[in-house]
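Below is one structure, written out as structure tokens; the observations come after it.
Derivation of every value follows stated rules applied to the coordinates shown; laboratory data play no part. In this text the structure is predicted, and so the values were computed from the model without any measurement. Neighbour counts are summed over all protein chains in view; Cβ atoms, including those assigned to glycine, are modelled from backbone coordinates with ideal geometry.
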Amino acid sequence: MHASPLRVIVIGGVAGGMSAATRLRRLNETALITVLERGPYVSFANCGLPYHLSGTVGRDDLLLHTPDSLQARFNLDVRVHHEALQIDRAARTVTGRQTLTGEPFTLPYDRLILSPGAHAVRPPIPGIERAFPLRTVPDLDRLKAAVDTAGPHVVVIGAGFIGVEAAVRAAGRHVTLLEAGPQVLPPLDPELAALVHQELDRQGIHVATGAAVTRVTDTHVHLHSGACLPADVVVLAAGVRPSDQLARDAGLDVATGGGILVNDHLQTSDPLIYAVGDAILTRDALDQPAFVPLAWGANRQGRVAADHLMGRPASYGPHPATAIARIFTLTAGSTGLNERQVRAAGLTPTVIHTHPASHAGYYPGAQGLHLKLVFDAATGRIYGAQAVGGDGTDKRLDVLATALHAGVRADDLADLPLAYAPPYGSAKDPVNMLGYVAQNVMDGLTRPLQWHEALSSGRQLIDVRSADEYRRGHLPGAVNIPLDTLREQAPHLAPRVLVYCQVGQRGHTAALLLNQLGVEACTLSGGYLTWQAGQASLTPAAHP
Ligand SMILES: Cc1cc2nc3c(=O)[nH]c(=O)nc-3n(C[C@H](O)[C@H](O)[C@H](O)COP(=O)(O)OP(=O)(O)OC[C@H]3O[C@@H](n4cnc5c(N)ncnc54)[C@H](O)[C@@H]3O)c2cc1C
């Protein structure tokens, strides 16, 4: 018990910092809690910033609290325009300056919580200073003023979640989205990202992948390919890095590649100093170090740090990263690791794709979903899942995130007793269906090949859809034997075949039938639809 009130300084007054400060106050009425925020606003909704670009959300609605309202409700001493510049761990002080006046300050602390967030990566490209980042309300004000007053050509550099969101919310202008990598939304695997890419195309956003920017001038953006795009406004969304300099300068342990290192209680290498949010490294579902600049973690960690600081048994273990975005009519998101990441970790995952309807097909308004589950077929352990589609995509993603975090096995997804009525789902919900497919794979009933394995499989390719569907497009070299005629054709087939349909359902029935008739049959995971999306992902999108 402290004789005098506990002095806590929180550096960074938005997601993680404010979550920590308010929780701390709820647990300790006497602590002297000071929040230092470099910018003019605290507790603003950074996730809502892109929605003001499109006018969906009013600017004032993004400002959730003011220093006065936080003083009144939580008795917090919130100091905006106060930048922390140095931590003296021996003296237990934070030194900084008032950013408007330049006036220096030094404050003593008993405990310190760092939540300085992340900053936009500014690649070393000549002229890049002209590009607008989107991290704070002042960033938004500058970008919105430019978008509203400059000419119609907007170029967004970087097609991660924030770049895609910025491009979508700036729609209506002539928007070009540039990505140096091979696909949009890197947390998704390419065949799912291709669906998002197609939606961006449909909505008039020009997307160029493999597009490295070499120069930004007052009027144009130049690409490595030699192309030159008119650019009245340039948005910088080339990724973010943990803001760890303050911690580094204070001699706290920081990962070589960036990110403050913390223990399970979110204490840094100095146990009096906690760190939360985008500035830290956490651990992913495989217990590997992970940089997860997302709001859920920042909020959760703020609370955990405050709890632990107050002597409560709180810890923050490995978590799957779960992210989601709305891209016009589509929702796209992922939880846990994608296939690429699992393979990079040296594991051999099994992958299944499904394309169910959002709810019972006979009830009006059903929309298509595209789901991918990445798991271990021997143990059933789920590594991650991805979802792209219409209504209900978010619900399925959240159920899968819950299952992943709770350690539910892939085949046990079939056992989840999910809510059902025709407007909401199916008696076999899309998540249950993933479980049924996983069961079939784990039991050895079905062996799915992936879209990128089909043509090199050495198997006879059999398209079991209708003749009409086949005519509209099929795998090269595939023969068309509609499912209902397959029995009589079985004796004439090669001994090893790959059967497929549009989404996988008829292909599954066909494979089980053929296997019983003595033909060794594999299915194509996700059917023709996934194969097509996979093919689309192989074609780099040229600049417009
Ligand atoms: C445009 C945008 C959209 C997003 N959308 C989503 C979304 O839809 N879903 C999602 O999960 N996540 C989203 N995020 C990410 C999410 O906002 C962050 O993960 C979260 O805010 C991180 O919280 P934090 O406390 O670590 O950092 P922040 O909330 O960024 O707060 C850090 C604060 O610290 C201040 N600071 C830094 N250094 C100092 C210093 N030395 N002294 C004083 N103050 C300092 C900064 O000014 C900043 O205000 C989005 C982020 C952005 C920018």
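Between Thr106 and Thr56, what's the calculated FRET efficiency when r is the beta-carbon distance and R0 is 35 Å? Round to 0.05.
With R0 = 35 Å, the Cβ-Cβ based efficiency is 0.20.
Taking the Cβ of Leu337 as the centre, find all other residues whose Cβ is under 15 Å away and add up their charges (Lys, Arg: +1; Asp, Glu: -1).
0
Treating only the Cβ atoms of Lys and Arg (+1) and Asp and Glu (-1) as charged, compute the dipole magnitude of the chain about its Cα centre; round to the nearest 20 debye.
The calculation lands at about 200 debye.
Sorted by mean Cβ packing within 10 Å, highest first, what order do the peptides 84-93, 70-79 take?
Per-residue Cβ counts within 10 Å, averaged per peptide and sorted highest first, yield 70-79, 84-93.
Looking only at Cα atoms, what is the convex hull volume of the stretch 269-352 per residue, in Å³?
127
Rounded to the nearest 0.05, what FRET efficiency do His81 and His265 have when you use their Cβ-Cβ distance and R0 = 35 Å?
For His81 and His265, the calculated efficiency is 0.65.
Taking the Cα centre of the stretch 34-84 as origin, sum charge times position over the Cβ atoms of Lys and Arg (+1) and Asp and Glu (-1), and report the length of that vector in debye to the nearest 20.
40
Highest mean first, how do 17-29, 308-320 rank when packing is the count of other Cβ atoms within 10 Å averaged over residues?
Averaged packing, sorted descending, gives the order 17-29, 308-320.
If one takes the longest principal axis of the Cα atoms in the chain, at what angle in degrees, from 0 to 90 and to the nearest 10, does the Cα axis of helix 190-202 lie?
Between the helix axis and the principal axis of the chain, the angle is about 80 degrees.
Report, in whole Å, the centroid distance computed from the Cα atoms of the stretch 373-388 and the stretch 1-53.
Spelled out, the Cα-based centre of one part sits 37 Å from the other.
At what distance in nm do the modelled label points of Ala378 and Thr95 sit from each other, each positioned 7 Å from its Cα along Cα→Cβ?
Going from the Ala378 label point to the Thr95 one covers 5.7 nm.
Which of the peptides 395-402, 159-166, 425-432 is most tightly packed, and how do the rest follow, going by the mean number of other Cβ atoms within 10 Å of each residue?
159-166, 395-402, 425-432
Across every pair of different alpha-carbon atoms, what Kirkwood hydrodynamic radius in Å does the stretch 99-202 reach?
Radius from the Kirkwood sum: 16.5 Å.
Please compute, over every Cα-Cα pair in the stretch 20-78, the percentage with a separation greater than 19 angstrom.
Tail fraction, whole percent: 38.
Quick one: length gained pulling Leu512 to Ser456 fully straight, 0.36 nm per residue minus the C-alpha distance?
This chain segment gains 18.0 nm when fully extended.
With θ set to phi - 60°, apply the Karplus curve 6.51 cos²θ - 1.76 cosθ + 1.60 along the stretch 287-298 and write out the HN-Hα couplings as whole Hz, x wherever there is a Gly or Pro.
For the stretch 287-298, the Karplus-derived couplings read 6, 9, x, 9, 9, 10, x, 10, 5, 4, x, 4 Hz, x marking Gly and Pro.
Debye calculation, C-alpha points only, no solvent: report log10 I(q)/I(0) for the stretch 329-442 at q = 0.14, 0.20, 0.22, 0.24 Å⁻¹, in the same order as the q values.
-0.51, -1.00, -1.19, -1.38
Round to the nearest 10 and give me the degree value, 0 to 90, for the angle of helix 527-538's Cα axis relative to the longest principal axis of the chain.
So the inclination is approximately 50 degrees.
Kindly write out, for the stretch 395-408 in residue order, the coupling ³J(HN,Hα) from the Karplus curve 6.51 cos²θ - 1.76 cosθ + 1.60 (θ = phi - 60°), rounded to whole Hz, with x marking Gly and Pro.
4, 5, 4, 5, 5, 5, 5, 5, 4, 4, 5, 7, x, 5
For the stretch 375-514, state the semi-axes of the equivalent ellipsoid (square roots of 5 times the eigenvalues of the alpha-carbon gyration tensor), sorted largest first and rounded to whole angstrom.
Square roots of five times the eigenvalues give 31, 18, 14 Å.
Fewest first, what order do Trp451, Trp531, Trp296 take by the number of other Cβ atoms within 10 Å?
Neighbour counts put them in this order, fewest first: Trp296, Trp531, Trp451.
Just the number, please: Stokes-Einstein D of the stretch 452-524 in µm²/s, Kirkwood Rh from C-alpha pairs, 10 °C, 1.306 mPa s.
Diffusion coefficient, whole number: 134 µm²/s.
Taking amide H atoms as placed 1.01 Å from N in the peptide plane, list the residues 5 or more away in sequence, or in a different chain, whose amide H sits under 5 Å from that of Val235.
Phe132, Val155, Val156, Ile157
With viscosity set to 1.567 mPa s and temperature to 4 °C, compute the Stokes-Einstein D of the chain, Rh being the Kirkwood radius across alpha carbon pairs; µm²/s, no decimals.
In µm²/s, the coefficient rounds to 51.
Nothing charged except the Cβ atoms of Lys and Arg (+1) and of Asp and Glu (-1): what's the magnitude of the dipole of the stretch 329-442 about its Cα centre? Round to the nearest 20 debye.
That gives the stretch 329-442 a dipole magnitude of about 220 debye.
Give me Rg/Rg_expected for the stretch 245-387, where Rg uses Cα atoms only and Rg_expected = 2.2 N^0.38 Å with N residues.
So the stretch 245-387 has a normalised radius of gyration of 1.30.
Kindly give Rg over Rh for the stretch 474-516, based on alpha-carbon atoms, with the Kirkwood expression for the hydrodynamic radius.
Ratio of gyration radius to Kirkwood radius: 0.91.
Grab the Cα-Cα distance for Thr402 and Thr217, subtract it from 0.36 nm times how many residues apart they are, and report the gain in nm with one decimal.
Gain on extension, Thr402 to Thr217, equals 61.9 nm.
Step by step: find N for the stretch 34-131, compute 2.2 N^0.38 Å, then divide the Cα radius of gyration by it. What's the final number?
1.32
Could you let me know the centre-to-centre spacing of the stretch 393-429 and the stretch 190-265, using Cα atoms, in angstrom?
33
Consider a paramagnetic label point 7 Å from the Cα of Gln367 along Cα→Cβ; state which residues of the stretch 303-333 have an amide N under 19 Å from it.
Output list for this probe position: 323-333.
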